[in-house]
Amino acid sequence: MVTSSDREYILAKRIKQKKNGIETDFLELAKWISEKYKVNVINITHEIMNHDNRIRIGIAVETENDEVKFKESDERWANYDEKIQDEIAEKYLEICKTLEIPNGKNILGLTKKLKPQLKDVFVSASAFEPLAKEEANGLIPEPKIKELLSKLNNNKVWTLSRCFGSATLFVFKDEQKEKIGKSDFFEELEKRYFELLKEYDEFDYWKRDEFKIGIDSKQNFDENYESSWFYYNR
């Protein structure tokens, strides 16, 4: 799974920012994948995986809808479709078989895979949009969130927590959750939090009708997760 701190995401981000482009050696492959599978390919990378010395082809596409086109079903967490993997691997071997491939185990950082076969290639795909949305959510400075809660000043609120692309408001007791979810306070909180979020949404992915703040309680956090954010967020 690719995260917003991974090299694969960072390279795709620089392309979205128009600071870089797809490597020339991958342009033909990217065009072929985009046209064959009707997806928007942002970038392609390749590397030798340390655990089995296979070549991993990383395809960065725009959206989750693009990503699932490489899967066995419409679920993002489904397994890759082996037929599609083989098709892309075959095209890679046809177009890119002479390229030098990054290898973290090599002191110089580069090596050549001599005459790789289909079994030597693993194809993966990752969607850029959800990672960019997660990154935007994480970029909101904590003092700004505390300031927001302070201005709205509700004594039923314990804290507001973020994890990946979500935000959850915590009240103190389970019995308070339903009432606060229907309150003017909560409506205003969602509105102002979204305004904060958009300040860091560099690629304009977040839409107001898609964004919701969750509600939970400190009581649940303490009783069922041992007061641990590690347990709660995993």
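The values are calculated or read from the model by the stated rules, or taken from the named source; none is laboratory data. Computed from a predicted structure; not experimentally measured. Cβ: placed from backbone, ideal geometry, glycine included. Neighbour counts: every protein chain shown.
The table for this structure:
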read-out	value
Cross-chain or 6+ apart pairs with Cβ under 8 Å, region 76-89 first and without any contact (Cβ under 8 Å) to a residue 24 or more places away in the chain, then of a type outside the set (Asp, Glu) and in a helix (DSSP H, G or I)	Ala78/Val68; Asp81/Phe70
Close pairs from region 200-212: first touching a residue at least 24 places away in the same chain (Cβ under 8 Å), partner of a type outside the set (Phe, Trp, Tyr) and assigned to a loop (DSSP other than H, G, I, E, B), Cβ under 7 Å, at least 6 apart	Tyr200/Ile140
Residue check, Asp204 within 30 Å of Lys16 (Cα to Cα), assigned by TED's automatic domain parsing to the domain that holds Ser161, more than 17 Å from the chain's Cα centre (by Cα) and of a type outside the set (Ser, Thr, Tyr)	no
Some residue of region 124-140 being surrounded by fewer than 17 Cβ atoms within 10 Å (Cβ to Cβ), over 29 Å from Ile84 (Cα atoms) and modelled with pLDDT of 95 or more	yes
For Lys156: the one exception among (1) out of contact with any strand residue (DSSP E or B) (no Cβ under 7 Å at 6 or more places or on another chain); (2) farther than 28 Å from Lys16 by Cα	(1)
Residues being of a type in the set (A, V, I, L, M, F, W, C) and part of a helix (DSSP H, G or I) - total across region 120-136	4
Test: Asp209 is under 28 Å from Thr63 (Cβ atoms), surrounded by 17 or more Cβ atoms within 10 Å (Cβ to Cβ) and outside the structural domain of Gly58 (by TED's automatic domain parsing)	no
Hits in region 4-20 (condition: small (Gly, Ala, Ser), without any contact (Cβ under 8 Å) to a residue 40 or more places away in the chain and part of a helix (DSSP H, G or I))	none
Sole exception among (1) over 30 Å from Glu202 (Cα atoms); (2) modelled with pLDDT of 95 or more; (3) in contact with a strand residue (DSSP E or B) (Cβ under 7 Å, 6 or more places away or on another chain) for Asp86, by number	(3)
